[in-house]
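Student: I have a structure I would like to understand better, so I am pasting it below and will then ask my questions one at a time.
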Amino acid sequence: MISFAHRMMVGFILMILAVGCSGSDDGRLPISGTVSLKGESLDSGSIQFIPTTPDGSHGGSVISDGKYSIPKEQGLKPGKYRVVISAGAQGTVETPAMPGESGPPAKERIPAEYNSASEKNPVIREVSAQALQQDFDIK
């Protein structure tokens, strides 16, 4: 028979392990949303959130069928972020590359103001517990 003290010690050890294994999310928030281009869901691309302050966290995701999602573990800390969205050409490449060579870069479908990480990019969004859904409609 297991004594009460033994059960308490096992319970205490399990509690320490559970707390120790839970990890820290550093206040990160899950972010998701939609991206449309000229009124249509963006078929594929990528989205990045670049912090405008040193205490922010960098995050990003692929865009598929107009949707993206960044889970809490890789999420963003509350704050302001410059948003960079890019998507290469849709369809097939007209001149395929020779074996062992890279082909020409895909033509960017997203306007330059959205696909640059420079300070000229005017797309700034505030991420907070009240703003976990971030949607983008690119004209």
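The values are calculated or read from the model by the stated rules, or taken from the named source; none is laboratory data. The model shown is predicted, which means the values in this text are computed figures rather than measured ones. A quick note on method: Cβ atoms are made from the backbone with ideal geometry, for glycine too, and the neighbour counts reach across all protein chains shown. To get the accessible areas, we keep the full protein, side chains included, count just its heavy atoms, and leave off ligands, DNA and RNA. Shrake-Rupley method; radii C 1.70, N 1.55, O 1.52, S 1.80 Å.
Student: Can you pull out the residues in the stretch 43-56 that are in contact (Cβ under 8 Å) with a residue 60 or more places away in the chain and not in a strand (DSSP E or B)?
Tutor: Correct list: Thr52 only.
Student: Return the residue satisfying two criteria in turn: it lies in the stretch 74-105 and is of a type in the set (Val, Ile, Thr) and assigned to a loop (DSSP other than H, G, I, E, B), and of such residues it is modelled with the highest pLDDT.
Tutor: Here the answer is Thr95.
Student: Residue by residue through the stretch 57-71, note down the ones that are open to solvent by 10 Å² or more (accessible area, probe 1.4 Å), in a loop (DSSP other than H, G, I, E, B) and modelled with pLDDT of 95 or more.
Tutor: Once the filter is applied, which keeps residues that are open to solvent by 10 Å² or more (accessible area, probe 1.4 Å), in a loop (DSSP other than H, G, I, E, B) and modelled with pLDDT of 95 or more, the stretch 57-71 yields Asp65, Pro71.
Student: If you scan the stretch 57-74, which residues turn out to be more than 22 Å from Asn121 (Cα to Cα) and touching a residue at least 40 places away in the same chain (Cβ under 8 Å)?
Tutor: Listed by number, the residues that qualify are Pro71, Lys72, Glu73, Gln74.
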